[in-house]
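Following: one structure in structure tokens, then a few remarks.
The values are calculated or read from the model by the stated rules, or taken from the named source; none is laboratory data. Values in this document were obtained by computation on a predicted structure and should not be read as measured data. Note that we place each Cβ from the backbone using ideal geometry, even for glycine, and neighbour counts take in every protein chain shown.
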């Protein structure tokens, strides 16, 4: 059977569509740009579906592998492949891209073509990050994806976008540079290979591993983001347009977490085990400390941003428990957070488009004037609070169970998210949606449009599907996670 | 139809009703919506009847419906365990739910959220059925949280009221504190048993009876004690045991039908059911059992005291519910699980009856809930009055009403127990008999007897406490006060009568089977050393001797004394209560303020959490991380560049001068080498 190069398609269909949108763009013909972008994003999602249907869940081998020479002089290759860990992220990214294009449909009036193109190109680059098996190729995609995100925040962002951009830059720059050094070092000691999978087999001394760990850790911890390198995220979210926040929370945060399982755990397993306590501590601080911080936020987007950090703490916690349930729980949490955070930011977007305020205190009693929206928002609030039956429960539950198995107190601290998560989410819901109509502007609100309804409705289906029947998702992971844990268990010293 | 299909039909038909009405209620209209939901629950009720008959014939079922997920060799599944305990719960839940569905047609008739309400209560019925039918801890937790969700939605049903949305948030969070413990318990089970399946866990439990859990805090904890206490913390949230009871009185903000269904008859008994279901685990830890006993006794005693001073008719019944849940918990603690479930059943009937009767009064008085503005209603509402008497006699434990049997059984079981704290528990459950009769008949006399106090001007004395409890429910037209109250329509009175019947007879009719027959079989385990119930079984000679024996016992006379006291204070000498209240100012203040627990929680927990959050946010994030490190780095870069920029001034003589210094320095170094 000859298969189409699905991974290349997943990367290049959105990028080429984005470039096409830019190329045919005329300011008068906004509709054409929108439709072309929608077609491009749907096509981009369509080409990823065979990745699921043709995926062989029984093996940990890389699948859909594509290998081409790129820069032969340095043995840099165009090497792509997915396993049970990355395939779901590609699907998630392509799915969210469709929603983002749809979400910006009539909301964005300024530079529509550029906006749509930025998201499409971003989507392709992110698929590149999740599928690249060559260190240089990964680095190119990893750095490249920052450009559209900068532009999205910088052009369509809020008033304080310069500060946010500088902050974002300061954080990511240091990390990226260190990672580049690590990649080049690995190239030199592996005898001239940039293949990530070959690096898995590379013997390394503990001292080297620790140094490599630190270099990679910086790059990825900023992206996740982990405490204490998290403070760029709330500012970036606040300044970003709705679509930007959705992609930022749903996908780009996953790049950091993905780096942990693709690079850190298998390449420097001894250092990972040696420093597991450190990572677990930071993760638990993220869960508890950030949970408290989220409680007192006055800005809805900041609150959800902090909630994201707290939930991503579960991902890194799960990974460093080194058990199947922990790693799979972390991965499930990544997918779920992709749905739920996207939905939460879309909900804020629905309100922001009408009221041009993100402050909780400007709202009150929205349920009176927007009952359908209130029902949808309640659903997502409950998903964010980790209610069983929604996707938000699955990953959290798995990680808590895995943590208790390692140490009772780890589970104890992790489980506080059940109280804190419910507290900050539902308290916000109470102040925004419940109560009497707070002011005339709330009184004049119109309920969700058909477009907004289906946008959120699609995510309801996704959240319920993962919450009520996660088996089809987790079954994909088993073989790859087992393999990953085998790497972690095997000393490279 | 196979039994398995029947189980699915029972669980799913209320869900189908909830979904259809929830999504398309507005289009379907009111009549179609309530018929769909009532039909769904009626199917469940009839089906549950068949299941009970099947179980009585000796059949049982334990099997998975589908595998939810597998991970790390642990199977997470959705499945049913149908045994006598489950079947009994199914019948009770669906019966009370059906009554409440019918009653709602009358009670919520004028409410704009009519179809939404039906959707919620059908969803609740589904969730509760999933909870009691579970064969594993995952599904138990699903149902557990789902009933909490519906409770949250229904307490906040009138979401424009500040008190309602305060109460529902409080309820959800208090329940989450309980669920936090519950999840830890489940986590320990998975960690040590490697399974979520009841049968597997119960089978392996005796082998782990001596296992200890190293928690790094000096002495290790016995594993099963830790598991049982953690699970019981979950029960304390759901079944509102001290100190997690704070949400239940406030939950009365919700419409009365759900106070009856969720916050009296079914959901709050989920914790009781859960512990009974886990009896094979609890029996292995005497420490956990005495913890359960002490918590239950404390709840029974201190909440009954609060019931005596309440002026809101629903709050009287709410505190009574707390106290009665305390009874059930004590029964669990002394290993009399069948007695707990038996009291759960009779209580479900008579407490739902009392709540729905109170709702009938509230409707007749145009949403007046203050007992001080009632009185003399017996002339206007004969059916409600008669059925409320049945409910009150059952609650007070007067033979031959249902509550007498179940309550006396618990008191006797406590007497025969030797678990830690049984002395305290014995005092509590005995003393509470008097208090129960007192507050119950105080309510009955204030509402139905004495002079008619309704219809007076609104400017009558209202203290701040009752002002808080006064509500005008939205969606109802304000009728002129002072018009004579009328008996409620048949959709309200028929459920009252149908609930009065089991409140009357279910005690003597079923005590033989449920409590002393071997009805529960293997579904409840009692260790040999906890033989109180077995002793009672040996001494059991039938319902009539039980009544004769009861008539000679202290509890009966305490109940009679309670009724007599209520009669004296509220009918014979209505001037006395105010005098007593004046004499006992401090005690009264303590009781009317719920021991100041709410204020304490608001200050310590709600306030404290926000203060911690503000500290972390302002100092941790903004000052230290952002202020010092991030912006500090930015300033450092800025300052360095500013310094370096001075070097590149663009003036040739600056560069020339720098070059000369450089050359000079190099030469010095070269020469001095």
Here the residues within region B:526-539 that are crowded, with 16+ Cβ neighbours inside 10 Å and more than 11 Å from residue B:416 (Cβ to Cβ) are B:526
All-but-one check, residue B:162 against (1) surrounded by fewer than 24 Cβ atoms within 10 Å (Cβ to Cβ); (2) more than 10 Å from chain A (Cβ to nearest Cβ), failing number (2)
Taking region B:205-227 and keeping only residues that are part of a helix (DSSP H, G or I) and either more than 12 Å from chain A (Cβ to nearest Cβ) or within 30 Å of residue A:427 (Cβ to Cβ) (or both), one is left with B:205, B:206, B:207, B:208, B:224, B:225
Of the residues in region A:421-447, those that are more than 8 Å from every other protein chain (Cβ to nearest Cβ), within 31 Å of the chain's Cα centre (by Cα) and in a helix (DSSP H, G or I) come to A:421, A:424, A:425, A:428, A:429, A:431, A:432
| message | Whether any residue in region B:388-405 is out of contact with any helix residue (DSSP H, G or I) (no Cβ under 6 Å at 6 or more places or on another chain), within 29 Å of residue B:485 (Cβ to Cβ) and crowded, with 22+ Cβ neighbours inside 10 Å is what I want to check. | response | yes
Going residue by residue through region A:72-80, is there one that turns out to be crowded, with 20+ Cβ neighbours inside 10 Å, touching a residue at least 60 places away in the same chain (Cβ under 8 Å) and closer than 25 Å to residue A:458 by Cα? no
Cβ pairs under 6 Å, 6+ apart or interchain, first in region B:93-111 and at negative phi, second outside any helix (DSSP H, G or I) and crowded, with 23+ Cβ neighbours inside 10 Å, ordered by first then second residue, are B:93/B:266
- Message: Looking for something more than 14 Å from every other protein chain (Cβ to nearest Cβ) and part of a strand (DSSP E or B) - is there at least one such residue anywhere in region B:62-75?
- Response: yes
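Can you go through B:192, B:202, B:172 and tell me which one is facing chain A (nearest Cβ under 9 Å), modelled with pLDDT of 90 or more and either outside any helix (DSSP H, G or I) or surrounded by fewer than 22 Cβ atoms within 10 Å (Cβ to Cβ) (or both)? Talk me through it step by step, then tell me what you get.
Values: B:202 fails: facing chain A (nearest Cβ under 9 Å); B:172 fails: either outside any helix (DSSP H, G or I) or surrounded by fewer than 22 Cβ atoms within 10 Å (Cβ to Cβ) (or both).
Result: B:192 is the single residue among B:192, B:202, B:172 that is facing chain A (nearest Cβ under 9 Å), modelled with pLDDT of 90 or more and either outside any helix (DSSP H, G or I) or surrounded by fewer than 22 Cβ atoms within 10 Å (Cβ to Cβ) (or both).
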Residue hits (region A:151-192; touching a residue at least 40 places away in the same chain (Cβ under 8 Å), buried (at least 18 other Cβ atoms within 10 Å of the Cβ) and under 12 Å from residue A:135 (Cα atoms)) are A:179, A:183, A:186, A:187
Checked A:312, A:398 against criteria (crowded, with 22+ Cβ neighbours inside 10 Å, outside any loop (DSSP other than H, G, I, E, B) and within 10 Å of another protein chain (Cβ to nearest Cβ)); the one match is A:398
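I'd like to check something: does region A:463-484 contain any residue that is assigned to a helix (DSSP H, G or I) and within 30 Å of residue A:355 (Cβ to Cβ)?
Scanning region A:463-484 turns up at least one residue that is assigned to a helix (DSSP H, G or I) and within 30 Å of residue A:355 (Cβ to Cβ).
Filter the helices (runs of 4 or more DSSP H) completely within region B:541-657 down to those with at least 3 residues that are surrounded by 15 or more Cβ atoms within 10 Å (Cβ to Cβ) and free of Cβ contacts under 8 Å to residues at least 60 places away in the same chain. Steps first, answer last, please.
Values: elements: B:543-552, B:554-567, B:576-583, B:585-592, B:597-601, B:608-615, B:631-647.
By residue number, B:608-615.
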By residue number, the members of region A:28-51 that are surrounded by 15 or more Cβ atoms within 10 Å (Cβ to Cβ) and part of a loop (DSSP other than H, G, I, E, B) are A:47, A:48
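Touching a residue at least 24 places away in the same chain (Cβ under 8 Å), in a helix (DSSP H, G or I) and more than 9 Å from chain B (Cβ to nearest Cβ): is that true of residue A:414 in this structure?
Numbers: touching a residue at least 24 places away in the same chain (Cβ under 8 Å): yes; in a helix (DSSP H, G or I): yes; more than 9 Å from chain B (Cβ to nearest Cβ): yes.
Yes: the conditions hold for residue A:414.
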Please tell me if residue A:126 is crowded, with 21+ Cβ neighbours inside 10 Å and touching a strand residue (DSSP E or B) at 6+ places or on another chain (Cβ under 6 Å). no
The condition of being over 16 Å from residue B:287 (Cβ atoms), surrounded by fewer than 20 Cβ atoms within 10 Å (Cβ to Cβ) and over 15 Å from the mean Cα position of the chain (by Cα) holds, among B:197, B:214, only for B:214
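Here are A:365, A:349, A:389: which of them is more than 22 Å from residue A:420 (Cβ to Cβ), surrounded by fewer than 24 Cβ atoms within 10 Å (Cβ to Cβ) and within 12 Å of chain B (Cβ to nearest Cβ)? Give the derivation first.
Working: A:349 fails: within 12 Å of chain B (Cβ to nearest Cβ); A:389 fails: more than 22 Å from residue A:420 (Cβ to Cβ).
Just a single option satisfies the conditions, and that option is A:365.
Test residue A:281 against the stated conditions and say whether it is more than 13 Å from chain B (Cβ to nearest Cβ), within 30 Å of residue A:214 (Cβ to Cβ) and out of contact with any strand residue (DSSP E or B) (no Cβ under 8 Å at 6 or more places or on another chain). Show your work before the answer.
Numbers: more than 13 Å from chain B (Cβ to nearest Cβ): yes; within 30 Å of residue A:214 (Cβ to Cβ): yes; out of contact with any strand residue (DSSP E or B) (no Cβ under 8 Å at 6 or more places or on another chain): yes.
Spelling it out, residue A:281 is indeed more than 13 Å from chain B (Cβ to nearest Cβ), within 30 Å of residue A:214 (Cβ to Cβ) and out of contact with any strand residue (DSSP E or B) (no Cβ under 8 Å at 6 or more places or on another chain).
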Given (1) more than 13 Å from chain B (Cβ to nearest Cβ); (2) more than 24 Å from residue A:471 (Cβ to Cβ); (3) in contact (Cβ under 8 Å) with a residue 60 or more places away in the chain, residue A:341 misses just (2)
If you go through A:257, A:249, A:236, A:221, the only one that is within 22 Å of residue A:280 (Cα to Cα) and within 14 Å of chain B (Cβ to nearest Cβ) is A:221
